[in-house]
1. Just to be sure, is Ile116 within 19 Å of Pro32 (Cβ to Cβ), at pLDDT 95 or above, assigned to a helix (DSSP H, G or I) and aliphatic (A, V, I, L, M)?
2. Keeping to the stretch 214-236, report how many residues are surrounded by fewer than 19 Cβ atoms within 10 Å (Cβ to Cβ) and of a type outside the set (Val, Ile, Thr).
3. I need the full set of residues from the stretch 146-156 which are surrounded by 24 or more Cβ atoms within 10 Å (Cβ to Cβ) and assigned to a helix (DSSP H, G or I), in order please.
4. Kindly provide the set of residues from the stretch 72-98 that are out of contact with any Leu (no Cβ under 9 Å at 6 or more places or on another chain), of a type outside the set (Lys, Arg), part of a helix (DSSP H, G or I) and under 26 Å from Ser23 (Cα atoms), ordered by number.
5. In the stretch 48-69, what count of residues is obtained for those that are surrounded by fewer than 22 Cβ atoms within 10 Å (Cβ to Cβ), modelled with pLDDT of 85 or more and either of a type outside the set (Val, Ile, Thr) or out of contact with any helix residue (DSSP H, G or I) (no Cβ under 9 Å at 6 or more places or on another chain) (or both)?
6. Quick one: which of Phe170, Phe177 is aromatic (Phe, Trp, Tyr), under 27 Å from Leu118 (Cβ atoms), in contact (Cβ under 8 Å) with a residue 60 or more places away in the chain and not in a helix (DSSP H, G or I)?
7. What are the pairs, 6+ residues apart or on separate chains, where a residue within the stretch 140-166 that is closer than 11 Å to Val71 by Cβ has its Cβ under 8 Å from a residue that is surrounded by 20 or more Cβ atoms within 10 Å (Cβ to Cβ) and of a type in the set (Asp, Glu)?
Amino acid sequence: MNFRFIALYAWTTGVEAIKRGFSYTLGYMATPLALLFLFGIISGGALIPLAVIGGLVSITATGALYGLSDVAMNRIELKLQDLFVASSVTVLDYMLAISFSNIIFSLPGILVYIAIALFMHLFPAVWLIAIAPILVLLAVSISALALILASIPKHLRNVWGFLGILTVVFTFVPPLFYKYTVLPAPLLYIFMLSPVTSAAIMIQNMAELTPFLWYAPLVLIIETIVYFIIAKPLTQWRTK
């Protein structure tokens with residue numbers, strides 16, 4: 001495993017990206033914060049806890065999904081992927097680099113929402129020990145999916161529309177901003193195919209907003225492993 005490449009890529013596209021273009025960081029935070037404001041106004045404050053939990057998960061997932069555009073740019077426009085292929089970098093190295101890069105890029109928004117959650121006493125600070133690995137698993141699993149999906153667009157201009165659809169599917173349709181208990185069981189099982197669902201349910205449980213769902217942690221771990229494994233054969237690594 002090429003740890004040096006993973007660290008350098010994550011630093012360049014994570015830390016340096018935040019420093020060079022902080023407006024992008026504010027951009028991915030805008031929608032969850034707007035929903036937080038609207039939920040607060042419409043519900044008289046009753047739905048704010050759900051909006052905070054949903055925003056925390058949404059920002060993590062959105063940051064990972066945006067890795068799709070980076071991968072597509074590297075493959076189609078910059079031809080960096082060809083350089084990686086010709087070097088000692090493997091698909092596994094690339095997937096891990098993208099995952100850590102996405103986590104770093106999402107970190108400012110994650111910290112803002114954690115601060116809001118702690119201020120509102122949604123969960124004690126000690127629960128962050130459990131929440132941190134949940135968000136890491138979510139970022140890794142979504143990054144693996146993004147790597148697979150980035151092989152589909154043939155032109156860079158198609159990526160943005162594709163990304164917009166995926167953002168809605170992954171961050172608005174699943175039970176992020178509403179309780180999973182309102183869903184009928186068959187529909188919930190379908191939504192569980194997305195790592196976003198199990199991550200949101202687990203953090204809702206920690207905030208005591210919904211009943212404990214015993215299989216949610218198991219589903220998230222299995223999905224992360226499965227998506228990470230299938231990403232290698234399904235990713236368009238070498239240009240044909």
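The values are calculated or read from the model by the stated rules, or taken from the named source; none is laboratory data. These numbers were taken from a predicted model, which means no experiment stands behind them. Counting neighbours? That spans all protein chains shown, and the Cβs are built from the backbone with ideal geometry, glycine included.
1. So Ile116 does not fit the description; no.
2. Number of matching residues: 8.
3. Ala146, Leu147
4. Leu80, Leu96, listed by residue number.
5. Residues meeting the conditions: 1.
6. Phe177
7. none
So that you can scan it fast, the table gives a plain yes or no per residue for (1) of a type outside the set (A, V, I, L, M, F, W, C); (2) modelled with pLDDT of 90 or more; (3) within 17 Å of Ser58 (Cα to Cα); (4) over 19 Å from the mean Cα position of the chain (by Cα):
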site: Ile129; (1), (2), (3), (4): no, yes, no, no
site: Leu135; (1), (2), (3), (4): no, yes, yes, no
site: Ala144; (1), (2), (3), (4): no, no, yes, no
site: Lys179; (1), (2), (3), (4): yes, yes, yes, yes
